[in-house]
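**Student:** This is the structure I have questions about; it appears just below.
Just so it is clear, none of the values below were taken in a lab; they were calculated from the coordinates. No experiment lies behind these values; they were computed from the predicted model shown. Every residue, glycine among them, receives a Cβ derived from its backbone with ideal geometry; neighbour counts consider all protein chains shown.
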Amino acid sequence: MSRIPVGRRGRLTAIIVVIAAVCPGTSRGASVSGATPPASVTERVHANLAYGPHPERNVLDLYLPVAPSDHPWPLVVWIHSGGWYTGGKGGGGAARALVKRGYAVAAITYRFSQDAVFPAQIEDCQRAIRWLHAHAKTYGLDSSRFGAWGGSAGGHLAALLGTAPDRFPAPADDPHRALSASVAAVCALNPPTDLLRWDAQALPDPQVVANQPDSMVARLLGGGPDDVPDAAQRASPITYVSRRSAPFFLVHGDADRAVPPQQSTTFHAALRAADVESTLVLIPSAGHANAAFAQGIPHDAIAAFFDRHLKSPRPATDSP
């Protein structure tokens, strides 16, 4: 394992190669059904809260700690995987474990590519963030301490939340359009970050060829990246990296034949070049969502990352 101390304000930035499994988990917290599991003794659940005008897609489940607190809860928004065309809230996915650590977790759905092409998906995610800001007092949320966590397609959308909070204007019918859609920290698992370079970065025998007409990328964009390069660039989180980007914790399997591992390594390098904290975990011999990947996710390190950015005291003048 190698650690490289770099980054904004003296924070730790690292590329970590995980040699053995850290703890069990899953990168695919979303189920197709989207059913909401019952609350445990440590949490309360508010299920299927509508945050937008599309009743089948614009809903979220909110998980809150049962234990009393003198302070509002920091929030992590879980965004599910599924190639932008399938999946569901899935009980909060990997993020739900944070409830036991004193977090609120919101698991959201969004319009699929068969409903509308990009940017509908990020518009929905940002609309959900604004809705959560608007209802923070109702549910005891700390609106200054929002983070995002997603896998695959959800990791892509979480990465856009962390890099482009003001690049996709809120629709006129959003009653909360004046509120912020930014987040203060992002964890992304196997995230697509540069759709224009997807095929060039692919490993041999790729499972996804972005420029095939029926690929999940082409469905998202309304055409292959080579055919609609402006749309591909607009949909790529790497386009928006700047010193104002949120801190990132990236995890990728180095044998991922669906989303090329280089999507994370080049994104990580771009964040570091912009003096933004970024940690990259590469899991050896792990594919996109196989057992090796699931068992290699460093849950404890991810939780510590969110603790540092969403729980540690920050000056009141700090931007999220």
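**Student:** Out of SER245, TRP198, ALA134, whose Cα points farthest toward the positive end of the dipole of the range 127-266 (charges: +1 Lys, Arg; -1 Asp, Glu; placed on Cβ)?
**Tutor:** Positive-end residue among those listed: ALA134.
**Student:** While we're on this one: Kindly rank 183-192, 87-96 from highest to lowest mean number of other beta carbons found within 10 Å of each residue.
**Tutor:** 183-192, 87-96
**Student:** I'd like the distance between the alpha-carbon centres of the range 272-296 and the range 82-132, rounded to an integer number of Å.
**Tutor:** Their Cα centres are 21 Å away from one another.
**Student:** Measure of size requested: the Rg and Dmax of the range 8-311, with Cα atoms as the atom set and Å as the unit; please supply both.
**Tutor:** 17.6, 54
**Student:** So, one more: So if each residue of separation counts as 0.36 nm, and I subtract the Cα-Cα distance between THR42 and ARG101, what length gain in nm does that give?
**Tutor:** My answer for the length gained is 20.2 nm.
**Student:** Another question, if that's okay. How long are the semi-axes of the ellipsoid equivalent to the range 228-320, from square roots of 5 times the Cα gyration tensor eigenvalues, in whole Å, largest first?
**Tutor:** In descending order the semi-axes read 25, 21, 10 Å.
**Student:** Separate question: Would you mind checking the radius of gyration and Dmax of the range 44-176 based on alpha-carbon positions, in Å?
**Tutor:** 13.8, 44
**Student:** Let me ask something else. Based on DSSP, what percent of beta bridges with both residues in the range 8-311 are antiparallel, to the nearest 5?
**Tutor:** Details: 10 of 40 bridges.
Expressed as a percentage, antiparallel bridges in the range 8-311 total about 25.
**Student:** Something else: What number results when the radius of gyration of the range 145-205, computed over Cα atoms, is divided by 2.2 N^0.38 Å?
**Tutor:** 1.35
**Student:** List the residues, sorted by chain then number, that are 5 or more residues from SER143 or on another chain and whose placed amide H is less than 5 Å from its amide H.
**Tutor:** Result for SER143 returns nothing.
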